[in-house]
Amino acid sequence: MQFDRSLDALKHANSAGTSPNGGVIALAGDDHGCQSSTLAHQSEQVFAAALMPVVNPATLQDYLDLGILGFALSRYSSCWVGFKAISETVESSASIVSDPDRIKIIMPDDFEMPPGGLGIRWPDAPLDQERRLHGPKMDAVAAFTRVNRFDRIVLDSKPARLGIMATGKAYLDLRQALADLGITDSEAQALGLRIYKVALTWPLEQAGARAFAEGLQDVLVVEEKRGFIEDQLLRILYNVDASKRPSVVGKRDETGATLLPSEGELTPTIIAAAVVARLRKLGHRSPALEQRLAKLEAFDRPAEGIAAAKLQRTPYFCSGCPHNTSTKVPEGSRAMAGIGCHGMALSVPSRRTATISHMGAEGVTWIGQAPFTSEQHVFQNLGDGTYTHSGLLALRAAAAADVNITYKILYNDAVAMTGGQPAEGGLTVSQIAHQVSAEGAKRLAIVSDQPEKYPANYFPNEATIHHRRELDAVQKELRDVKGLSVLIYDQTCAAEKRRRRKRGLYPDPPKRVFINERVCEGCGDCSQVSNCVSVQPLETELGRKRRIDQSNCNKDFSCIEGFCPSFVTVHGGKLRKADRAAADPSALFADLPLPVLPPLDGAFNILVTGIGGTGVITIGALLGMAAHVDGKACSTLDFTGLSQKNGAVMSHVRIAPSADDLANVRIGPGTANLILGCDIVVATSIPALSRAERGLTRAIVNADLLPTASFVIDPDIDFQAGAMRDSLNEAISAGDLDILDATGLASALEMMSVSQLLFGTDAPLRKSIATVQGLIDYGFSPEDLRAYFPQEGNENGSLIGQQRPLP
């Protein structure tokens, strides 16, 4: 939930209370690394401002255990309970214990419930609510958390000198940091460490905190973002006898120098440096620890030691995305971005789009800027889901301010950025049109790829309807309108079209577009016109040309809007797949012995890298489930972000004999035992290479290079295949690295049956198999190809020069 925008409602709800037989947990999604938000943020301070107890789980097991305890706490105290959620946990999976009797709820015997209880009642005056919330409710929270031990010492020493208090993800990072430093539990006890895991971060349970600090010389508080439990601990210990009170540091040390930064995300290496620094202060100087720390810090600076390839797998518009067209602006105009897939226009220089805002503030910057600039007009992109969420408020503000602005409401019928779910409320194009007309739009235009689909009287009388080919002319007219104007661009999300077509819920036009490579001159006009990633490079002996990736094409057909004689449009044809029943490629491996598994005496780390939508997450899920079925502990963590928009994706898979061996779900720097590089571009990125260590890491990388989004912008880009191989050779020992054409191998194995059909069962698997595969993908059957495919002895496997027309 967006907690900061819901604070007023939640303060009222928490003040009123819960039912004695109910209980409420309010989940807040925190984005510490600003991966999918306009700002990095945390929710604890806002929860505390509403006097809502805050639970911060570290693992998936904590989600179950603390969820049960959280509901019980809410029911007992009548408080709403905040529950922190971050992607590190939400987007991971792991083996857990689901025994319903695992958690035993204990009722406090040192708290007397006031007459009438603490639950919600009516009528209830605001000041009565305040007295109950600040008094007996908070006392009930303290009693319940004290007896049910939300917070606990997980490692102790006798005597203990250095105490480390940690919570949530930071606790996992701490355990990983100790493991990376080579500090086992027995070595930690020898060093005098005491570790306190905090689950309820507000209000910090006082008796447990005092017991933790007793006898310590120094306390290090490890937590993400701004200091929160550190300040509470200082307040709890302030009145303790100064001679018995430990020093407390966290975000800064005694001198005011930064110890654990509040910006960005903490890493095990950052925490390891802080731990070693505190041990130094206590007089423990270990050359072994210093060497391990230096090694960890070197892994966190891979750019200094590894020549990572410059080519990046950056997110980009899907094939056939309507925003490829809708975000264009006329020459001399500019647009402002917002939340949604259309925000990727920021990375396309020709779109002249800048300035992103949070949801509900689209165009508001122009309201303040307009009176102080000679610029007369701007366009503001606004997705249909954001419009329903809060964008209408911004549009209304622009109308009230009477500034010259055109809102381009990009109606793609799905919240595509987060998975394609329907937009909240399900507003139709007609409903939005009537709504903005009522808000005072001076001019309203509807643009669509199918303008003929609208029934009569569907839009307000003043609205005009246009084909998307008229977009430029329509925008030039709108930018001359004084005041608010609105353009609704109606075209269904390309990825959603694909999903619906597979389910038979959306028409699939019997039409396909191909490029004749013998006519193509490689000018790149098709990429410039369509901005489409399905227009891909084709390297030929005559230079780089173009081809249409039929498996990726979503039939937008904007690529044929340019003037190019090399395009061939096929009407009425359907793709046919190879006859997989003709031969069984699995028979090739029938005699292979099963691999001998190495002993698993600790965590085995597998990093799977690739492109979103190609099965990387599925590989991680399969490996994790296989380990679980085999009785081993496992965890997986998927880094997706905008991976479904042609971006990079990584899956961290960890397998171990027991859950105690998996302190963290993320693979640390230099600790990957295996890298499965499904995409060589992502495999040679800094986040992947920093996980490798020569002599430890084995890597199997797919050499087949799927063009990145950079090719759409720069048709002459150097894909740097040699540089990527050099990066892998530098990071991984020669005997541990295999770079192979996995995509071509898969196609070759699939085409074994076709080869046998064409040439007989004894025919060799020749270079020409790739050509056969491509033609089968295009819809030609083996029978069609027998008359056209080169016969034995022609090792080139080329159709160039064949005079007969293809069927």
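Quick notes
- Counted by Cβ distance under 12 Å from Thr18, the other residues give a net charge of +3, where Lys and Arg count +1 and Asp and Glu count -1.
- Against the compact-protein benchmark of 2.2 N^0.38 Å, the Cα-based radius of gyration of segment 618-733 scales to 1.17.
- Over 26 Å (Cα to Cα) - which of Lys328/Lys502; Lys251/Lys295; Lys295/Lys632; Lys442/Lys497 fall in this group: Lys328/Lys502; Lys295/Lys632; Lys442/Lys497
- About the Cα centre, charge dipole magnitude for the chain (Lys/Arg +1, Asp/Glu -1 at Cβ), debye: 800
- The convex hull drawn around the Cα atoms of segment 1-154, when projected onto a plane and averaged over every direction, covers 10.3 nm².
- Taking all protein chains as shown and a probe of 1.4 angstrom, Phe639 keeps an accessible surface of around 70 Å².
- Ser15 accessible area, 1.4 Å probe, all protein chains in place, Å² to nearest 10: 20
- When both segment 9-45 and segment 666-710 are represented by their alpha-carbon centers, they are found 37 Å apart.
- Using a probe of 1.4 angstrom and keeping all protein chains present, the accessible surface of the chain works out to 46 square angstrom per residue.
- Working ranking of peptides 393-403, 659-669 by packing, defined as the average number of other Cβ atoms within 10 Å per residue, highest first, is 659-669, 393-403.
- For the chain, share of DSSP beta bridges that run antiparallel, in % to the nearest 5: 35
- With 10 Å bins from 0: P(r) over segment 227-367, alpha-carbon pairs, percent: 9, 21, 19, 19, 18, 11, 3, 0
- The chain: relative contact order in percent, alpha carbon pairs under 8 Å with at least 6 residues between: 10
- Taken along its three principal axes, the alpha carbon spread of segment 496-564 comes to 43, 21, 18 Å, from the longest extent down to the shortest.
- Figure note: Thr267, Thr327 ranked by solvent-accessible area, largest first, 1.4 Å probe, ligands and nucleic acids not counted: Thr267, Thr327.
- For Rg and Dmax of the Cα atoms in Å, the value calculated from this model appears in (i) 29.1, 100; (ii) 28.6, 90; (iii) 30.9, 97 under label (iii).
- Rounded, prolate or oblate (a/c below 1.5 giving rounded, otherwise prolate when a/b exceeds b/c) for segment 164-224 by Cα gyration tensor: oblate
- Projecting the Cα atoms of Gly116, Leu662, His342 onto the dipole axis of the chain, where Lys and Arg carry +1 and Asp and Glu carry -1 at the beta carbon, places Gly116 farthest toward the positive end.
- For the chain, the residue among Pro371, Ser43, Gly440 whose Cα projects farthest onto the positive side of the dipole built from Cβ charges is Gly440.
- Heavy atoms of Asp31: accessible area, 1.4 Å probe, square angstrom to 10: 20
- For Lys244, the aspartates and glutamates whose Cα falls under 13 Å of its own Cα, not counting residues fewer than eight places away in the same chain, are Glu214, Asp218.
- When peptides 603-609, 361-367, 463-469 are ranked by their average number of other Cβ atoms within 10 Å per residue, the highest-first order is 603-609, 361-367, 463-469.
- When Tyr196, Tyr63, Tyr411 are compared by accessible area at a 1.4 angstrom probe, the order from most to least is Tyr63, Tyr411, Tyr196.
- Tensor-based shape of segment 44-113 (alpha-carbon gyration tensor, a/c under 1.5 rounded, otherwise prolate or oblate): oblate
- Ordering of 66-79, 533-546 by burial proxy (mean other Cβ atoms within 10 Å per residue, highest first): 66-79, 533-546
- Size descriptors for segment 374-429: radius of gyration and Dmax over Cα atoms are 12.8, 41 Å.
The values are calculated or read from the model by the stated rules, or taken from the named source; none is laboratory data. These numbers were taken from a predicted model, which means no experiment stands behind them. With ideal geometry, Cβ positions are generated from the backbone for all residues, glycine too; neighbour counts draw on all protein chains shown. Protein only, heavy atoms only, side chains kept; ligands, DNA and RNA dropped before computing areas. Shrake-Rupley method; radii C 1.70, N 1.55, O 1.52, S 1.80 Å.
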